[in-house]
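Trainee: So that we are looking at the same thing, I have put the structure below in structure tokens.
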Amino acid sequence: MRLMQAHNIDDLRSMAKRRLPRMIFDYIDGGADDEVTLSRSVSRYDDYELTWRALRDVTEIDTSTRIMGQETRLPFFISPTATTRLFHPAEGELAMARAADRAGVIYACSTLASQTVEDIAKATAGPKWVQLYVWRDKDVVKGFLERAKAAGFTGCILTVDLPVAGNRERDPRNHFAIPPTPNLKVASQVLARPGWLWDLIRSPKIAPANFTHLQGQNDQGGLIGFVNAQFSRAVTWEDVEWMRDFWGPGFAIKGISRAEDAKRAVELGADAVWVSNHGGRQLDTSVPTIDLLPEIAEAVRGRAEIIADGGVRRGSHVAKLLMRGATGVALGRASLFGLGAGGEQGVRRALQIMEDELVRTMALLGARKISELDPDLMRAPHA
């Protein structure tokens, strides 16, 4: 009943803020540097204004589509996010996967998931993808991808916009680390949220569950130490090539912002180009995704699909990204706010809100199916 009182994603954000310790909420909510990209990624949608086709029969609205070859009931899906058990210690990714299954959408899990790919696969019979960073050791990558394939994952998402972690200033101010390091400030935040603390106490240690065999050498550094030790900063297009060949069909490259890189991705066999600014958590003052889509679409010219994310808080935002050239839209914070607010039920509420808003937006536009979300229905601002 409490979750039903959430009428939009911002309501779920407020609920998550009340339930989670400040350091955990800020880890979801924060961005890099002055958080300009974080705020502009959301507000930029307001600059794109809509027109509509009148007197259309919109009794039935069909939101189904295909994303990277995968049939899906809705044109949006849950984006990969790291260590999700931070926000829901009892289940994390399992709650997200079950909610995606119930909603009939794709679930994508992170390399740094806090549940194993095998356990996630058991939680959903629906479509699922796995996200990948470039590791120093190719054998680690190959072993992880083989496990994901064996578990039934059909898509691989290579993220290329994290050669180093962005400067997320809320985290050091909160003395935040993964796992949390005991100190007075952390203790005061955690004790103020007894429900979350009780879940944490009853749950296993939060860590990159798919790489526990690599953890020993980095116990003192937490997740950041693990990332610095294991992830490669020498990523090149040659790395993309062997990973694409190793995985096969269903390969996306995430973190593209320029037309020349989109072209290169397609030339190397990517099935999807994922336009993303990493939720404003990497390079501040980067261009909002919605502004980049036409030049990416022009570069791709239908040779690959285009996935987009960034600041999506409304169903109308999904529609606008589709009208600008995206074939699928990923939800990051929108689903995490639901998870923080109420676990699986909270994620389901977030997905339902987004679906209701998308269906209503399409009906008001006079668009009865995804293919009728014509760019002519929207007026774009000057760059």
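The values are calculated or read from the model by the stated rules, or taken from the named source; none is laboratory data. What you see is a predicted model, and the numbers here were worked out from it, not measured in a lab. Reconstructed Cβ throughout: ideal geometry from the backbone, glycine too, with neighbour counts over all protein chains shown. For the accessible areas, the whole protein counts, side chains as well, though only heavy atoms, and no ligand, DNA or RNA atoms are used. Shrake-Rupley method; radii C 1.70, N 1.55, O 1.52, S 1.80 Å.
Trainee: Among the residues in region 292-303, are any within 22 Å of Thr65 (Cα to Cα), touching a residue at least 60 places away in the same chain (Cβ under 8 Å) and of a type in the set (A, V, I, L, M, F, W, C)?
Mentor: no
Trainee: Of the conditions (1) under 13 Å from Leu158 (Cα atoms); (2) touching a residue at least 60 places away in the same chain (Cβ under 8 Å); (3) under 23 Å from the mean Cα position of the chain (by Cα), Phe246 fails just one. Which one is it?
Mentor: Result: Phe246 fails condition (3) only.
Trainee: I need the full set of residues from region 1-17 which are under 24 Å from Val186 (Cβ atoms) and crowded, with 20+ Cβ neighbours inside 10 Å, in order please.
Mentor: Selection gives Arg13, Met15, Ala16.
Trainee: Turning to a different aspect of this structure: Which pairs do you get when a residue that is more than 15 Å from His7 (Cα to Cα) and crowded, with 17+ Cβ neighbours inside 10 Å, found in region 346-367, comes within reach of a residue that is at pLDDT 95 or above and among the aromatic types (Phe, Trp, Tyr), reach meaning Cβ atoms under 7 angstrom, with the pair 6+ apart or on two chains?
Mentor: Leu365/Trp52; Gly366/Trp52
Trainee: Looking at the structure I just gave you, is Asn167 farther than 21 Å from Ala95 by Cβ and crowded, with 16+ Cβ neighbours inside 10 Å? Break it down stepwise before answering.
Mentor: Details: farther than 21 Å from Ala95 by Cβ: yes; crowded, with 16+ Cβ neighbours inside 10 Å: no.
The answer is no for Asn167.
Trainee: Since Lys122 meets every condition but one in (1) over 16 Å from Lys149 (Cβ atoms); (2) free of Cβ contacts under 8 Å to residues at least 60 places away in the same chain; (3) over 15 Å from the mean Cα position of the chain (by Cα), which condition does it not meet?
Mentor: Single failed check for Lys122: (1).
Trainee: Hey, Arg348 hits all of (1) touching a Gly at 6+ places or on another chain (Cβ under 9 Å); (2) over 17 Å from Phe77 (Cα atoms); (3) not in a loop (DSSP other than H, G, I, E, B); (4) not acidic (Asp, Glu) but one; which does it fall short on?
Mentor: In the conditions (1) touching a Gly at 6+ places or on another chain (Cβ under 9 Å); (2) over 17 Å from Phe77 (Cα atoms); (3) not in a loop (DSSP other than H, G, I, E, B); (4) not acidic (Asp, Glu), Arg348 misses (2) alone.
Trainee: Further question: Name every residue in region 301-335 that is under 17 Å from Ile370 (Cβ atoms), assigned to a helix (DSSP H, G or I) and among the small types (Gly, Ala, Ser), in order of residue number.
Mentor: If the condition is that a residue be under 17 Å from Ile370 (Cβ atoms), assigned to a helix (DSSP H, G or I) and among the small types (Gly, Ala, Ser), then Gly315, Ser316, Ala319 are the ones that fit.
Trainee: Which strands (runs of 3 or more DSSP E) does region 18-132 wholly contain that include 1 or more residues that are surrounded by 19 or more Cβ atoms within 10 Å (Cβ to Cβ) and out of contact with any Asp or Glu (no Cβ under 8 Å at 6 or more places or on another chain)?
Mentor: Of the strands (runs of 3 or more DSSP E) lying wholly inside region 18-132, those with at least 1 residues that are surrounded by 19 or more Cβ atoms within 10 Å (Cβ to Cβ) and out of contact with any Asp or Glu (no Cβ under 8 Å at 6 or more places or on another chain) span 70-72, 76-78, 107-109, 128-132.
Trainee: Okay, moving on. Filter region 147-163 for residues that are open to solvent by 70 Å² or more (accessible area, probe 1.4 Å) and modelled with pLDDT under 90 and give the result.
Mentor: Across region 147-163, the qualifying residue is only Pro163.
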